[in-house]
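Below is one structure, written out as structure tokens; comments come after it.
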Amino acid sequence: MDLTFLVTVLIGIIIVLFIIIIVIYNGLISMRNAVKNSWHGIDIQLKRRKDLIPNLVETVKGYSKYEKNLLEEITKIRTALINSDQNVKKSAAADELLSQNLKSLFAVAENYPKLKANENFLKLQYELTNTEDEISAARRIYNNNVRDYNIAIESFPKNILASIFGFLKEDYFTATKEERENVKADFQNLN
């Protein structure tokens, strides 16, 4: 065998390996950016809901002492959601609490026909329901992207390059046990 032939084959193998590394690296970057982009989709919907809450609070104020406590709790949770610093776990926890309290508020509204018929309340309820649907859709997209990304960085041979280049697993946006349970409205302690 000729030495130039061996050098050519070796150079060819190195070039092919280099191209494979580039393709895998760019694929991982693309997947990581899809995760970040889908997180921003959740964040946009959470901000939209956060912006609707003050209007809802003002519309409902004054109907009962119980609602006052509930509205204060919703306002506190909204603040926690604002201060979650783009952290998936903190945002998920605040989001869960906010969803539970909003469900309770809508359940309580059933007891007040005037509030239930109020045009502002109906519009806000529609907007919040629509936003909750958008949040659910954004969560699914985010979790699908996280799944694909995590599988990629754990699968051979991508896992080798992922560890070399510092690609880390992402957290899922998950619902807790309380969020999965049905809301139970307590109408006995309203007065």
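The values are calculated or read from the model by the stated rules, or taken from the named source; none is laboratory data. All of these numbers come straight from a predicted model, not from anything done at the bench. Don't worry about glycine lacking a Cβ; one is built from the backbone with ideal geometry, like all the others, and counts go over all protein chains shown.
Set side by side, the residues I160, I153 differ, and just one is in a helix (DSSP H, G or I), surrounded by fewer than 14 Cβ atoms within 10 Å (Cβ to Cβ) and at pLDDT 90 or above, which is I160.
Scoring R49 on the criteria (1) assigned to a helix (DSSP H, G or I); (2) at pLDDT below 70 leaves a single failure, condition (2). The set of residues in region 1-25 that are of a type outside the set (A, V, I, L, M) and farther than 16 Å from S155 by Cβ comprises D2, T4, F5, T8, G12, F18.
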